[in-house]
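Written out below as structure tokens is the structure these notes cover.
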Amino acid sequence: MIRVDLAHAADFDGWREAARRLAIAGVAPADVIWQTPDGAQDLFAAPAQALPEAPEGEKGPRVPREFPDLARYVICHADPARFSLLYRLLLRLQDQPRLLDHATDDDVHLANAMAKAVSRERHKMTAFVRFREVASEDGEGAFVAWFEPEHHVVRLTAPFFRDRFANMRWSILTPDVCAHWDRKTLRFTEGVSRDQAPGADRLEDYWRTYYASIFNPARLKVATMKREMPVPYWKNLPESSLIPALIERAEGRATAMVDAAPTKAPKRSPKIVARTEAARTPKEAGVGLDGLRREAEGCKRCPLWANATQTVFGEGGAEAELLFVGEQPGDKEDLVGRPFVGPAGQMFDRALAEAGIARERAYVTNAVKHFKNEPRGKRRLHKSPNISEINACRWWLEKETALLKPRLAIALGASAVRSLTGETHAVTKVRGQVLSSPFAGDVFVTIHPSFILRLRETEDREREFAAFVADLTQARQIAYGR
Ligand code: URA
């Protein structure tokens with residue numbers, strides 16, 4: 001008997017190297033014990049032999065192109081027999097290169113079924129992992145999720161989260177293995193128990209609201225829902241507490257939707273639209289910033305809402321005296337629902353502190369309140385808003401400004417200048433100047449902090465950061481005379 005010790009439950013590279021050496025040495029599948037650190041200990045009494053060395057220059061077994069892809073998935077299955085199944089297939093492929101085309105062959109059928117189960121589990125992981133924000137020791141914040149996969153899909157699926165949440169620090173904890181991303185490196189550590197994952201917080205409320213809003217009662221099929229969101233996953237999903245009530249109310253809500261559906265647009269519909277629009281305008285007195293924020297949640301003034309997770313409204317108290325206007329939320333802001341919380345926001349916070357501006361004195365918002373992005377593979381690429389999007393969103397900025405009555409507005413970058421003044425200016429030309437806004441009064445112009453982040457050389461970044469702090473200090477002096 002030869003015992004192969006794999007590094008972890010989904011150790012494809014370890015399996016491949018061992019299988020190559022075993023195949024060269026002509027070891028039969030029945031003579032190999034595949035051992036993983038978490039697997040049951042070897043109960044065979046006979047002492048295991050070491051893995052044979054492959055002679056130098058020996059090429060090893062040949063496989064069709066699709067075999068490694070299949071094996072990468074099969075290896076993540078929870079069945080302990082997966083390693084020997086793959087080794088058996090590898091040996092059989094030497095005599096039957098087209099074996100994988102025979103879907104009815106027992107080994108091929110089993111391997112395909114395992115790969116399919118893993119693929120489904122991978123999909124579930126991308127759909128059902130819910131991050132919760134936690135405080136970290138360095139104060140920077142991080143996101144943690146708890147997930148209990150049926151198969152060993154964490155290593156296979158972690159790159160999806162790395163690409164999707166590249167700007168966040170996150171950990172996905174599972175009983176089997178934990179994945180961690182620190183914005184630079186993806187690492188894996190041993191599994192942990194459920195009680196090491198954080199509990200509920202405000203992100204859960206967000207998911208609940210989101211789920212309730214996308215829940216379409218007319219399309220409710222409980223069996224499909226259970227298949228797509230299997231009951232074992234429900235306990236870790238914040239929105240699962242809503243499901244029984246939503247199902248119960250679904251029939252009534254569906255009937256109401258059918259009753260309410262218009263058959264033909266009435267002639268007077270443009271007038272109705274105009275009136276509804278007017279009714280949606282919050283009455284400034286008594287509604288306040290919170291009312292405005294709630295109102296903006298459903299904003300569809302331009303098409304950008306369709307591709308964004310949520311409206312990211314301004315943040316800060318009604319007593320704030322300085323109004324900072326950025327361009328638009330970025331990827332992280334879009335997910336978290338707050339402005340300037342990503343890398344540019346962290347730089348902005350540091351610069352504010354160095355310029356002696358307390359965050360409570362500042363109201364921070366954006367010219368455009370939805371994240372404009374272009375999906376590219378698994379990433380969402382930032383796209384600058386165009387003039388019509390800036391113009392459509394100015395409606396909100398005007399309302400925010402009217403409620404705040406700031407001493408000074410500070411435009412961070414060209415989109416903010418455009419929104420506040422209605423004019424197009426190159427920031428390099430008007431930086432440090434005070435322009436005039438038809439609704440916000442004086443507007444001090446500086447750069448957008450992401451400009452500094454884009455600089456490659458540390459020296460350039462340090463110089464530009466100092467210049468940005470100097471601008472903010474100047475803005476503070478203009479506002480307060482000191
Ligand atoms: N950039 C912005 O302009 N606004 C944000 O909220 C984040 C990044």
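Read the figures in this text as sums done on the coordinates, not as results from a lab. Quantities reported herein were computed from a predicted structural model and do not represent experimental measurements. With ideal geometry, Cβ positions are generated from the backbone for all residues, glycine too; neighbour counts draw on all protein chains shown.
Some observations on this one:
- Taking 0.36 nm per residue of separation and subtracting the current Cα-Cα distance, fully stretching the chain between Ile387 and Asp290 would add 32.2 nm.
- Counting 0.36 nm for each residue step from Asp182 to Gln433 and taking away their Cα separation leaves a gain of 86.5 nm.
- Virtual paramagnetic centre 7 Å along Cα→Cβ of Tyr480, amide N under 19 Å, in segment 318-350: 318-325, 348-350
- For segment 1-98, the set of GluC sites (Glu not before Pro) satisfying both a DSSP loop assignment and a count of at most 15 other C-beta atoms within 10 Å is given as Glu53, Glu56, Glu58.
- Between Ser193 and Thr424, the modelled labels are 6.3 nm apart [label points 7 Å from Cα along Cα→Cβ].
- Ordered from longest to shortest, the equivalent ellipsoid semi-axes for segment 289-372 are 23, 15, 9 Å, each the square root of 5 times a Cα gyration tensor eigenvalue.
- Length-normalised contact order of segment 285-480 in % [C-alpha pairs under 8 Å, at least 6 apart]: 23 percent
- Extension gain, Lys116 to Arg62: 0.36 nm times the residue separation minus the Cα-Cα distance gives 17.0 nm.
- Of the trypsin sites (Lys or Arg not before Pro) in segment 336-440, those whose Cβ has at most 14 other Cβ within 10 Å and which sit in DSSP loop: Lys378, Lys383
- Cross-link pairs exceeding 24 Å in C-alpha to C-alpha distance, out of Lys300/Lys372; Lys369/Lys405; Lys332/Lys372; Lys369/Lys429; Lys116/Lys184, comprise Lys369/Lys429; Lys116/Lys184.
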